[in-house]
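The values are calculated or read from the model by the stated rules, or taken from the named source; none is laboratory data. Here the structure is a predicted model, which means the values were calculated and not measured. Here the Cβ positions follow ideal geometry from the backbone for every residue, glycine too, while neighbour counts run over all protein chains shown.
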Amino acid sequence: MSEEFDFYSEEALKELVNRFQKVLKTNSTLFFDIDELSAIIDNYFESGDLDLLAKSIKYALNQYPGNYEFLLKKAQYYALADQPEKGLELLDELGNIGDSDFYMTKGSILSQLQQYREAIDEFTHALNQNHDLTEVYSNIAFEYENLEQYDKALEYLFKVLDIEPDSEQTLSEIGLCFEMANRSQDAVDFYLKFVEENPYSKGAWFNLAIAYNSTGNNEKAIDAYEFVLAIDEEYASAWFNIANIHFSLGNYDQAIFYYQETIKREDPDTVSFYFLAEAYEQKEMLEEALKNYKKSVEINVTFIEAFLGLARTYFKLGDLESAYEQIAKSTLIEESMPLIWNLRSLRLQEQGYGQLAKYLIKQLIKNYSEEPLYYVNLAQLSVFEDDYSQALDAIVIGMDKAKLDSQKALLYFFKGLYNLLEGNREDGLRDFEFAILLDKSEFNNPILQSELQNVEIEELSLLIKKHNLNIELE
């Protein structure tokens, strides 16, 4: 796609593109030869400007109707513009003249359409057309990953690595495939052999560290990351990952040191400041924690976890007003998955911040009164305190606000469950069965399933079997 693009110097290409854009602006006509138009089109492929890309292809086809190269680029544009059906239709009309770009384009479009085996067939055809082997092998590997055939993906990634042994991207992809195939020890063995032959490959040492971490060998993981830093002291991700290991082990002083070193070597990053703040919080160095949580928020005003970190820290300092203020701010940030709020509130409860957890959920209910999960969250917090009466009250209030049958069904499932746990057998079974009749699919809600895994009630097990619901109660 970029062969003609390479014929032009940067300055010559810029002048050519400026000429073309002037033509568009003035709505005039100017003759460009095929090489020039090809370079202009490839420039827009590189920049990702879909509007100008479409216009340049249209202009090229107006000057050279039926030109195979430009029609192929049009199909490539359709792939980039997320219109794979149009691209495939055009390719079928165009037919192949033995061009490897045709096979690569068709393979990419078939992949977009999730026809992964057919995509592999097209990429394989390109192997016989002297196409760049690295690109072809990589594409075939990715399709096998899409098919979750990680051993086959590894086979092709190894071919890529044979061609480009310094490719950090390929080394990382190999590590990912080992991980997805649950072959972490094989990954360790592979990278150990690789660094023997390539001792200065920071990508191999980095992925060796990840593999060691996956096998639970934290000390060896740290050693491998240190080898990365010996090769490249500015490798921020290695500093960050060592910090995370120390944090997970409770070595907060070391974690603080490595997070600080990470921050020195990267652009301001909200996550690094957040974890540094959390390490300070664990050390009860609360003023330092506040300072770094604030830096995290300054970088990204939508990072909810940093607001919750501020709330916890203010709470520890006895500044309840500021703690609640941060909680309130967090609930105004759009969250695409309400389920995550459940995890956040339960984590606060488990950490001893029950007061903050309840305030958090009540604020969410205030802002999003029709979301049934938040009433379930509030009920769960009451269950933590063995107060089933309050839990049931929260569920009943949610039922009054619910609009859809699916929302009501979820709440009835929990009303039935809590009645059963409270000893109200008849009411509980009736509510649970009514939920099944309202919307059986809500039985699969992950929060409900999590609750049911810890419940042993024979009548409930019989009811679930009666309706062929697929979950095993412990």
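Go through segment 210-236 and report how many residues are farther than 16 Å from residue 182 by Cα and either buried (at least 24 other Cβ atoms within 10 Å of the Cβ) or among the hydrophobic types (A, V, I, L, M, F, W, C) (or both).
Of the residues in that region, 10 qualify.
Just give me the residues in segment 54-92 being small (Gly, Ala, Ser), assigned to a helix (DSSP H, G or I) and surrounded by fewer than 19 Cβ atoms within 10 Å (Cβ to Cβ), in sequence order.
The answer is 54, and nothing else.
Checking the conditions here, which among 360, 378 is farther than 19 Å from residue 408 by Cα and surrounded by 22 or more Cβ atoms within 10 Å (Cβ to Cβ)?
Just one listed residue meets the conditions, 360.
Kindly establish whether residue 335 is under 28 Å from residue 259 (Cα atoms), of a type outside the set (Gly, Ala, Ser) and at pLDDT below 95.
So residue 335 passes the test.
Return the residue satisfying two criteria in turn: it lies in segment 105-161 and is among the polar types (S, T, N, Q) and under 21 Å from residue 74 (Cβ atoms), and of such residues it is surrounded by the most Cβ atoms within 10 Å (Cβ to Cβ).
105
When you go through (1) assigned to a loop (DSSP other than H, G, I, E, B); (2) out of contact with any Lys or Arg (no Cβ under 9 Å at 6 or more places or on another chain); (3) within 30 Å of residue 320 (Cα to Cα) one by one for residue 363, which number turns out not to apply?
Failing condition for residue 363: (1).
Could you say which residue among 328, 306 is among the aliphatic types (A, V, I, L, M), modelled with pLDDT of 95 or more and buried (at least 22 other Cβ atoms within 10 Å of the Cβ)? Spell out how you get there, then give the answer.
On the way: 328 fails: buried (at least 22 other Cβ atoms within 10 Å of the Cβ).
After applying the criteria, what remains is 306.
Which one is nearest to the chain's Cα centre (by Cα) among residues in segment 20-52 that are more than 19 Å from residue 7 (Cβ to Cβ) and aliphatic (A, V, I, L, M)?
50
Name every residue in segment 270-287 that is over 21 Å from residue 352 (Cα atoms), in contact with a helix residue (DSSP H, G or I) (Cβ under 7 Å, 6 or more places away or on another chain) and surrounded by fewer than 21 Cβ atoms within 10 Å (Cβ to Cβ), in order of residue number.
Residue satisfying the conditions is 270 alone.
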